[in-house]
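This report refers to the structure that appears directly beneath it.
The values are calculated or read from the model by the stated rules, or taken from the named source; none is laboratory data. The model shown is predicted, which means the values in this text are computed figures rather than measured ones. Ideal geometry is used to build each Cβ from the backbone, glycine not excepted, and the neighbour counts take in all protein chains shown. Ligands, DNA and RNA are stripped out before the accessible areas are found, and what is left, the full protein with its side chains, is counted by its heavy atoms. Shrake-Rupley method; radii C 1.70, N 1.55, O 1.52, S 1.80 Å.
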Amino acid sequence: MKEPLPAYERLRARVSGAENGWFFAQLADHVAERRRAMGLSQQQLADLTGTTQPAIARLEKGGRPPRIDTLLRIAEALGCDLQVRLVPRSE
């Protein structure tokens, strides 16, 4: 029988987007969709948020999750509210 992954390994898999539709994977898609809908390039969004174009590209590809303050600046630049929720897991 295969042993379950330790909690930190499960979290790492989720953060990397390994589970289809998880938070950061969804967020990456929303940022890219909203940016394109507003007619902004990655560089323009980076300039508006005080970050770099490669950081925006990493976010949109579902790479390393950005810091919450960066997400707040991105949400503001895209005319959005950032909502983060904790939802109890069902057993």
Between the modelled labels at A7 and D29 (7 Å from Cα along Cα→Cβ) the distance in nm is 2.9 nm
Suppose a student asked you for the relative contact order of region 23-91, using Cα pairs under 8 Å spaced at least 6 residues apart; what percent would you report?
29 percent
When all protein chains stay in place, what accessible area (Å², nearest 10, 1.4 Å probe) is found for D47?
100 Å²
Could you derive backbone 3J(HN,Hα) for region 57-66 from the dihedral phi with the Karplus parameters 6.51, -1.76 and 1.60 (θ = phi - 60°), listing whole Hz in sequence and x where the residue is Gly or Pro?
4, 4, 4, 5, 8, x, x, 4, x, x
When the Karplus curve 6.51 cos²θ - 1.76 cosθ + 1.60 is applied with θ = phi - 60°, which whole-Hz ³J(HN,Hα) does each residue of region 35-43 get, with x for Gly and Pro?
4, 5, 4, 8, x, 9, 7, 4, 5
Of the accessible area of region 29-91, with the probe set at 1.4 angstrom, what percent is carbon plus sulfur?
50 percent
Please give the length that would be gained between L72 and Q53 if that part of the chain were fully extended, namely 0.36 nm times their separation in residues minus their C-alpha to C-alpha distance (nm, one decimal).
5.2 nm
Taking R0 as 22 Å and r as the Cβ-Cβ distance between Q44 and D81, the FRET efficiency 1/(1 + (r/R0)^6), rounded to the nearest 0.05, comes to 0.60
